[in-house]
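Note sheet for the following structure.
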Amino acid sequence: MIRNLWYAVLESKQIPRKKPVGFLRLGERMVFWRDGSGAAHCCYDRCAHRGASMALGDLVEGRLRCPFHGLEYEGGGRCTRIPANGKDAPVPPAFRLRSYPLVEKHGWVLIWWGDGTTQPEPAEPPYFDDLGDFTSWASYADPWNNHYTRGAENQLDVAHLPFVHRTTIGKGNHTLVEGPGVQWVSDDLFFQYVYNKLDDGSAPRGPDEVPKPNPDSEYKLEMLLPNLWQNRIADKVRVMAAFIPVDESHSILHLRFMQNFMRLPGLRWLINKLGILMSIVIAHQDRRIVNTQLPVGDGTGSGELLFRGDRPIMEFRKRRLALKQRPVQPVKP
C-alpha cells in the first residue's frame, strides 16, 4: 500500500452516532467515531497509555474514552483527561492517538493515510465530478482474499469478459480485444473504452487507433486512483466500486448500484435492489478467479506476462509506481 494518499475505507453508515467502531484497514487497526456534532474521526486503535483497543471503549460528550483506564481523547487524537491523575491535572503532550484526516463525501468515508510527516495533498479527496446528482443507491461489501489492487485491475481487464462472465456481461464470445482505449483526464483519473468483438480473423486495432467517445455522454469505465472506480452504464445508471485495502492479502470490494431515473420510493428500492444483486453475481464470478491469483499481497503483479489488451492495467501500475516515488509536502510547523 502507498502512504500519503486519500483512501475510501468505509461507507458513512458504518460509523454510528453513539459508540466507536473498529476496523482493520490498510494493515492497521483503526477506530472510528462521531463527536457531539456528528463529525466522524479516525485514529490508530491503540491507547497511548498501555495499548488497549479504543474501539472497545465508549464516548463521553463526543470524546473517545479508553475501556482500560478511562483516558479521554478528542477527534484530533489529543488526550484531554487522565482520570487517575485527577480531573484538573494537565495531560502530557505525548499522550495522543495517531489520527488520520477524514472526509465524508457522497456517503463514503475517506481518510488521508499519512506517514505523520506530510499534510493532505490535495486538501480534499478527489471524486467523480459526474456523480453529484446521484443520491439513490444500494450497496454491498464483499470480502476478497487478495491485495486490493487485484480487484482494481480486474475491473480494468477487458480480455477476461467472455471467459469469466460468459453467462452474464460476457455473452457473445467477443474474444478479440480492440484497443482498449485509455484517456488520462487528470493525474489520477483515466477513462477506459472497451471494444471487444468476434474474432473474424482481422488484426485488432491498437490502443491508439480506437476512437475516444465524448466523455460526457458515452459508455466508459473510469478509474480514480488509488481505489475508486465507476462503470458509466448510462447517464442515469452507474455501478461504482471502492477497492478497500484491509491488509496485504485481504480487501473488500464495496459495490454500489446507483440510479436517478426512478424517484418513486417503492420502485426505487426494487430497482436498486435488483441492480446490486446483479452486480454481486458478476463480482462473484470474478472473485472465484481473482482469489487464486499469485502472488497474494504483492500489488505489482510481479512475474506476469502482459499483452496489448492489458493496456489499462499497465497504465494503472505505471501511475502507482509514480505515486510511490513522488516527493511529498511536509507538514507545516
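The values are calculated or read from the model by the stated rules, or taken from the named source; none is laboratory data. Bear in mind the structure is a predicted one, so any value in this text is a computation, not a measurement. Here Cβ is always computed from backbone atoms with ideal geometry, including for glycine, and neighbour counts include all displayed protein chains.
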- Query: From the set of residues in segment 90-114 that are over 22 Å from residue 138 (Cα atoms) and of a type in the set (A, V, I, L, M), which is surrounded by the fewest Cβ atoms within 10 Å (Cβ to Cβ)?
  - Reply: 94
- Item | Residues satisfying the stated conditions in segment 244-289, i.e. aromatic (Phe, Trp, Tyr) and exposed (fewer than 15 other Cβ atoms within 10 Å of the Cβ) | 261, 269
- Has segment 156-165 got any residue that is under 30 Å from residue 24 (Cβ atoms) and touching a Pro at 6+ places or on another chain (Cβ under 8 Å)? yes
- Note on the structure: Residues in segment 23-58 that are assigned to a strand (DSSP E or B) and within 28 Å of residue 122 (Cβ to Cβ) total 15
- Item | Which listed residue, of 86, 51, 38, is without any contact (Cβ under 8 Å) to a residue 24 or more places away in the chain, surrounded by fewer than 12 Cβ atoms within 10 Å (Cβ to Cβ) and closer than 20 Å to residue 14 by Cα | 38
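For every residue, the table says whether it meets (1) closer than 18 Å to residue 108 by Cα; (2) buried (at least 22 other Cβ atoms within 10 Å of the Cβ).
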site	(1), (2)
21	yes, no
31	yes, yes
46	no, no
56	no, no
- Complete set of residues in segment 176-206 that are farther than 17 Å from residue 317 by Cβ, touching a residue at least 24 places away in the same chain (Cβ under 8 Å) and among the charged types (D, E, K, R): 178, 199, 200, 205
- Quick one: is residue 198 surrounded by fewer than 20 Cβ atoms within 10 Å (Cβ to Cβ), assigned by TED's automatic domain parsing to the domain that holds residue 168, among the aliphatic types (A, V, I, L, M) and out of contact with any Phe, Trp or Tyr (no Cβ under 7 Å at 6 or more places or on another chain)? yes
